[in-house]
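Asker: Pasting a structure below so you can have a look.
The values are calculated or read from the model by the stated rules, or taken from the named source; none is laboratory data. Given the structure is predicted, the values throughout are model-derived calculations rather than measurements. Cβ placement follows ideal geometry from the backbone for every residue including glycine, while neighbour counts extend to all protein chains displayed.
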Amino acid sequence: MNRSDKSTLPGFPWRGQFKTKDEIDQYFSDPDGFQCLLCGRYFEFLSVHLWNSHDISHEQYRDWYELPFRKKLMDTYSALPYAVQAQARMFSPQFYEDLKRLKAKGLPNTEIGRQLGISNKTVKIRLDYISKNESIR
């Protein structure tokens, strides 16, 4: 998985998963940036590092560690220019793909909403929208 194992710190890769909201919140609030759970190093833009150093997507990383999809893998200061773009993508084709993928995993709407950063009501409305539009095709 690592292109260069010499850069992996002792104790990594971490083989666990986040189990509570507090654990997730703590991971996303580290003032040093994001610690890569595969090599132990810290980054402002973790998703770029994941692709360049470990040949994996941020989606795979999120799946492995049960991280919510709507939390950014970049520090808050770096994320500011992307906030406007994120609003535009909220109901983009990728959003619907993420929604369908999470539903296919059998997750309840409350968990889907938590991972996508939307309300349970919005999850239900968007899933209804998907089912109506796919039945038309």
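Asker: Taking the condition at pLDDT below 85 and closer than 22 Å to residue 133 by Cβ, does residue 45 pass? Even if it seems obvious, please write down each step before you answer.
Answerer: Working: at pLDDT below 85: yes; closer than 22 Å to residue 133 by Cβ: no.
Taking the combined requirement at face value, the residue does not satisfy it.
Asker: How many residues does segment 73-106 hold that are at pLDDT 90 or above and under 23 Å from residue 49 (Cα atoms)?
Answerer: 0
Asker: Same structure, new question: From the list 35, 17, 26, pick out the single residue that is of a type in the set (S, T, N, Q), within 17 Å of residue 67 (Cα to Cα) and touching an Asp or Glu at 6+ places or on another chain (Cβ under 8 Å).
Answerer: After applying the criteria, what remains is 17.
Yes/no matrix, rows are residues, columns are (1) at pLDDT 90 or above; (2) assigned by TED's automatic domain parsing to the domain that holds residue 66; (3) surrounded by 13 or more Cβ atoms within 10 Å (Cβ to Cβ):
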{"site": "108", "(1), (2), (3)": "yes, no, no"}
{"site": "111", "(1), (2), (3)": "no, no, yes"}
{"site": "121", "(1), (2), (3)": "no, no, no"}
{"site": "132", "(1), (2), (3)": "no, no, no"}
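Asker: Here's a follow-up. How many residues does segment 48-72 contain that are at pLDDT below 85 and touching a Phe, Trp or Tyr at 6+ places or on another chain (Cβ under 8 Å)?
Answerer: 2
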